[in-house]
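So the structure is just underneath, and the comments pick up after that.
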Amino acid sequence: MTRIQVNGQAKDVDVPEDMPLLWVLRDELGMTGAKFGCGMALCGACTVHVDGQPARACMTPVGAVAGQVISTIEGMAADRVGQVVQQAWIENNVAQCGYCQAGQIMTAVGLLKSTPAPTEQQIDEAMSGNICRCGTYPRIRAAIQQAARQLTQGGK
């Protein structure tokens, strides 16, 4: 039995410690926001936060995160930065097919928490590990810039 802390709630899961966190979240806990993309931590669709840092759930064994704080896209509605980023995503019509969006948002939230006023280069570097097959990269960058302005200056 492994105890993990997900979106502010303790969860006991009876799974092998080497099971990827992604499968625990999706199959055991019913949290389907993080997606399976490549299975090799290269595309970013499975991004969650572990102790506040973006992490690839497809390659993170659940046993390695026991006792750490895990945040998923489902928990972003209760997170101030997550709320602002999600609203910017909507206002900039970022999502097209939507498959990568949870991972994109989780990475953007992580960026804005560590770098509240990122440059375009910092945005591009932080987001470079997240693939969007629909190519909405300009809208992703615009949404992150909007969220950064709102969070740092209170503006739109």
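Filter the range 47-78 down to residues that are part of a helix (DSSP H, G or I), free of Cβ contacts under 8 Å to residues at least 60 places away in the same chain and not β-branched (Val, Ile, Thr), then give me how many there are. The number of residues fulfilling the criteria is 3.
Within the range 35-80, the set of residues being surrounded by fewer than 14 Cβ atoms within 10 Å (Cβ to Cβ) and not hydrophobic (A, V, I, L, M, F, W, C) comprises Asp51, Gly52, Gln53, Gly67, Arg80. For the range 103-120, the count of residues that are closer than 23 Å to Ala142 by Cα and at pLDDT below 95 is zero.
Would you call Gln96 of a type in the set (S, T, N, Q), out of contact with any His (no Cβ under 9 Å at 6 or more places or on another chain) and part of a loop (DSSP other than H, G, I, E, B)? So Gln96 fits the description; yes.
The values are calculated or read from the model by the stated rules, or taken from the named source; none is laboratory data. From a predicted model like this one, the values you see are computed outputs, not experimental measurements. Glycine also receives a Cβ, built like all others from the backbone with ideal geometry; neighbour counts cover every protein chain displayed.
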